[in-house]
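All remarks here apply to the structure that follows.
The values are calculated or read from the model by the stated rules, or taken from the named source; none is laboratory data. All figures in this text were calculated on a predicted structure; none of them were measured in a lab. Please note: Cβ atoms are built from the backbone with ideal geometry, for glycine as well, and neighbour counts cover all protein chains shown. Calculation scope for accessible area: heavy atoms of the full protein, side chains included, ligands and nucleic acids excluded. Shrake-Rupley method; radii C 1.70, N 1.55, O 1.52, S 1.80 Å.
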Amino acid sequence: ACTGIENIDEAITLLEQNNWDLVAAINGVIPQENGILQSEYGGETLQGPAYGPTSHTTAASSTASSSSAFRHVVPSRQIVERQPRMLDFRVEYRDRNVDVVLEDSSTVGEIKHILENELQIPASKMLLKGWKTGDVDDSTVLKTLHLPKNNSLYVLTPDLPPSSSSHSGALQESLNQNFMLIITHREAQREYNLNFSGSSTIQEVKRNVYDLTSIPVRHQLWEGWPPSATDDSMTLAVSGVTFPCHRLTVGRRSSPVQTREQSEEQCTDVHMVSDSDGDDFEDATEFGVDDGEMFGVASSALRKSPMMPENAENEGDALLQFTAEFSSRYGDCHPVYFIGSLEAAFQEAFYGKARDRKLLAIYLHHDDSVLTNVFCSQMLCAESIVSYLSQNFITWAWDMTKEANRARFLTMCTRHFGSVVAQTIRTQKTDQFPLFLIIMGKRSSNEVLNVIQGNTTVDELMMRLMAAMEIFSAQQQEDIKDEDEREARENVKREQDEAYRISLEADRAKREAQEREIAEQFRLEQIRKEQEEEREAIRLSLEQSLPPEPKEESTESVSKLRIRTPSGEFFERRFLASSKLQVVFDFVASKGYPWEEYKLLGTFPRRDVTQLDPNKSLLEVKLYPQETLFLEAKE
């Protein structure tokens, strides 16, 4: 009624941003100088024009009204027209504080422009931190952030050298440090170890504790904060918490049972402080919203089907169901899970070429952990995480909710990583899940680089993934170098083996050619010998078949023939003039000059005697009483 806000989600968001301080939430929407409502608390009246028929409310009239501490009022025309609302900012930079006052229609960039003139720092080098809604950009309109009237911010300049002031240097260092908050949940007797950067605010810590303990910020009762931590918008670096570890205790603020009279009496007062004593908004159904929808969780999500069947025989089928169920719960923007056994994931990630190898990320899910939904929806499904995992990792998943599946994974873990890693996972408590294991393959074994628990942030998760990637990249470069050297050696060896094979083949071919040549020479020699033997046999046969040479004093007619060989030698013999010409041929053949290869030539007249009839007598062919003949090889 006071603000004109009808959207229940927007109203709850504004209340959460102001730690459920109703007065602060309304002041953040309506200009403070207009006033909001009246209260009699400790004798003090909130100033400003009242809305309604009267300007002052008595205890009696308040008692007679409803159980609400606020009267129903009608917004005036002045409020409906919404005059410009002024916001006060105190900006801290090193050892300086700058006060900035702006209308809520201004942008973040205008604040930076004012700070640029005051601090003499370029706006482009300036990081403006401390926003309750997270980081914003320069074009963001302040009105859309639903800020209270008074705000505290701080400036970081990581690109500029630090100031000589030791105080500012210490503050800058504290903002970049990580604080370990050891938070004990009093009712559940559980202890949480949470890491926060120095730039995180106390409000962010309380919101994270709400995710873990389901205690709304308005009902959280804290012990252990230092006295200087007076504002939830303060960063841990300036709040005075102990570095590196600080112990805190949180519990649920009790709600005493009140009588009707006590209730009616308290209704006369407006007692809205940061941590409300009452459970006014415990039952959100009065707004038409159930508990699940109030905190962004549909009631149907409380009845979840299992991520993975119990005692699944085939790991590939189990991973298919896991992926389908994960998509149905958290959407399609999630890591691409490897479908197959853990051994197959090892083979895909570690056993290819060095340039193609990747890290193996094993996601261990547990439905009974309070961190699971936050980790899956906000961290694991963040686009930056999904993109980085798909480029550099093979992601494999397993559900540890069922005891049988848990035991099966521990057996696989012992086989592949050893008993130490298996024992580490075995001792993890349920509320420490989900776990994210980063595995790097080595020559002799698989090394677990990191075990990331569920109580982390997107930035921290990305940093740890990148740190593991740096270690892997250094190892991968060594592996690539070794593989290239090994391939170079193998190439040289293959070339040497090929050259040796070619040399052997050439030697074998040469040897075979020599052997064939020798065999051919031997064959020809055999033929030659056989021919010579045959000739010798023929010569001897002809020599034996020749008639005896007639004596010089023979009474018969004798023809004396003188025959010159091609070498210039002469041999002579006497023949009977009645002997046939064939006898002369046989005689010449018996001397090694067969008439098939040589021809016998006469001198005067020159004639080829071998062309004559061999059956004629020497007298008939006119080789009587004497004649000189020449032997000449036939062509």
Dipole-positive endmost among Leu612, Phe587, Thr628 within region 558-633 (Cβ charges, Cα centre): Thr628
Using a simple charge model, +1 on the beta-carbon of Lys and Arg, -1 on the beta-carbon of Asp and Glu, nothing else, what dipole does region 482-635 show about its Cα centre, in debye to the nearest 20? 1520 debye
What percent antiparallel are the DSSP beta bridges of region 558-633, to the nearest 5? 75 percent
As straight-line cross-link partners of Lys529, the qualifying lysines (C-alpha separation under 20 Å, not fewer than 8 residues apart within one chain) are Lys591
Determine ³J(HN,Hα), in whole Hz, for all residues of region 585-593 in sequence, where each value follows from phi through the Karplus function 6.51 cos²θ - 1.76 cosθ + 1.60 and θ = phi - 60°; x replaces Gly and Pro. 4, 5, 5, 4, 5, 5, 8, x, 10
For region 310-442, inverting the pair-averaged 1/r of distinct alpha-carbon atoms gives a Kirkwood value in Å of 15.2 Å
I need to check one value: relative contact order of region 356-419, counting alpha carbon pairs closer than 8 Å and at least 6 residues apart, in percent. 43 percent
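By accessible area of protein heavy atoms, probe 1.4 Å, what ranking do Phe522, Phe179, Phe630 get, highest first?
Phe522, Phe630, Phe179
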Choose one of Leu371, Ser419, Val458: the residue whose Cα lies farthest towards the positive end of the charge dipole of region 315-458 (beta-carbon charges +1 Lys, Arg; -1 Asp, Glu; about the Cα centre). Ser419
With charges set only on the Cβ (+1 for Lys and Arg, -1 for Asp and Glu), what does the dipole of region 165-252 come to about its Cα centre, in debye to the nearest 20? 220 debye
Please report the equivalent ellipsoid semi-axes of region 108-150, computed as sqrt(5 x eigenvalue) of the Cα gyration tensor, largest first, in whole Å. 19, 11, 9
With +1 on the Cβ of every Lys and Arg and -1 on the Cβ of every Asp and Glu, the dipole magnitude of region 315-458 about its Cα centre, in debye rounded to the nearest 20, is 600 debye
For region 165-252, with equal point scatterers placed on the C-alpha atoms only and solvent neglected, what are the log10 I(q)/I(0) values from the Debye formula at q = 0.21, 0.25 1/Å, to two decimals? -0.98, -1.34
To the nearest 0.05, what FRET efficiency results for Lys149 and Asn450 with a Förster distance of 60 Å applied to their C-beta separation? 0.85
Shape call for region 546-624 from the C-alpha gyration tensor, a ≥ b ≥ c root eigenvalues: rounded (a/c under 1.5), prolate (a/b greater than b/c) or oblate? prolate
Cα centroid of region 392-435 to Cα centroid of region 521-540, whole Å: 94 Å
Amide H neighbours of Gln177 under 5 Å, counting only residues 5+ apart in sequence or on other chains, H built in-plane at 1.01 Å? Gly198
For region 365-459, take every pair of Cα atoms, bin their distances at 10 Å starting from 0, and report each bin as a whole percent. 15, 47, 34, 5
Hey, how many Å between the Cα centroid of region 173-197 and the Cα centroid of region 558-578? 137 Å
I'd like to check one number: the per residue accessible area of region 86-156, probe 1.4 Å, reported in Å² as a whole number. 49 Å²
The farthest towards the positive end of the charge dipole of region 165-252, of the residues Cys245, Ala188, Trp225, given +1 on Cβ of Lys and Arg and -1 on Cβ of Asp and Glu, is Ala188
Sequence-distant or interchain residues sharing an amide H contact under 5 Å with Leu359, placed H: which? Ile394
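Assuming 0.692 mPa s and 37 °C, estimate D for region 484-524 with Stokes-Einstein, Rh taken as the Kirkwood radius over Cα pairs, in µm²/s.
This corresponds to a translational diffusion coefficient of 269 µm²/s.
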